[in-house]
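These notes are about the structure you will find just below.
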Amino acid sequence: MDFIDFLIKSETPKEAENMLDFSQKLGFSGLCIETDLKNIENLREKFPNVKILSIAEAKKIEDATKLKESHDLVFARSVDMDFNRKVSETPEIDMLLDPFDTSMCQFDQVMARLCKMNKISVGFSFSNLIFNDKLTRSNLMKSMLELSRILIKYKTPFRLVSGAVEKNGMRSSSELISFGRILGFKDPDIKSSLIT
């Protein structure tokens with residue numbers, strides 16, 4: 001199956017090349033990467049057999065339409081309940097990333113319905129979980145499980161991503177599949193969440 005991982009930022013062209021090389025070793029046939037658009041074109045020339053998608057973060061809701069014109073995918077990182085509600089009402093955004101924190105899930109049933117209606121995926125970043133201390137991880141896991149129950153109940157699309165900012169943070173497709181199982185998702189849904 002052709003799995004695609006989702007990375008947050010690649011500062012230099014060389015770093016992006018290293019991540020692309022490594023992603024193939026991890027079992028991915030493509031990569032969504034946040035980097036300069038000129039760099040994306042160069043990477044597509046160097047790696048013609050790899051599906052490379054450009055992503056951009058919409059820090060403000062108003063930026064989403066403009067970003068969608070120049071990038072393959074647009075995501076928004078969770079800030080708070082109000083911001084998440086606005087994101088779930090914005091079809092130009094493709095994914096809401098990590099709508100939870102250590103104290104609570106910042107996502108509700110209304111947002112689940114809106115995301116489903118507007119075809120917005122809810123993203124779970126594996127790096128958010130593994131690069132924290134023990135207590136924080138357990139609280140994050142509790143919030144993630146609460147969120148996954150809402151998504152399953154309302155059949156809201158979701159995406160499991162490594163969310164790596166460097167090569168060492170990348171995870172294999174099998175690790176992300178296991179992560180999805182822990183969250184309570186079924187295998188066919190997990191596998192489709194890894195495909196763009």
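Among the criteria (1) over 28 Å from S174 (Cβ atoms); (2) crowded, with 19+ Cβ neighbours inside 10 Å; (3) aromatic (F, W, Y), the one F83 does not fulfil is (2).
Among the residues of the stretch 27-53, the ones that are under 19 Å from G169 (Cα atoms) and surrounded by 19 or more Cβ atoms within 10 Å (Cβ to Cβ) come to 8 in all.
Selection of the stretch 15-27 for residues being more than 19 Å from A56 (Cα to Cα), in a helix (DSSP H, G or I) and either modelled with pLDDT under 85 or of a type outside the set (D, E) (or both) yields N18, F22, S23, Q24, K25.
Note on the stretch 163-179: among residues that are out of contact with any Phe, Trp or Tyr (no Cβ under 8 Å at 6 or more places or on another chain) and in a helix (DSSP H, G or I), the one that is surrounded by the fewest Cβ atoms within 10 Å (Cβ to Cβ) is N168. Given the conditions (1) surrounded by fewer than 18 Cβ atoms within 10 Å (Cβ to Cβ); (2) at negative phi; (3) modelled with pLDDT of 95 or more, report the number of the one that S88 does not fulfil. Failed condition: (1).
D5 meets the stated requirement of being among the acidic types (D, E) and surrounded by 15 or more Cβ atoms within 10 Å (Cβ to Cβ).
The values are calculated or read from the model by the stated rules, or taken from the named source; none is laboratory data. These numbers were taken from a predicted model, which means no experiment stands behind them. Cβ coordinates were reconstructed from backbone atoms using ideal geometry, including for glycine residues, and neighbour counts include every protein chain displayed.
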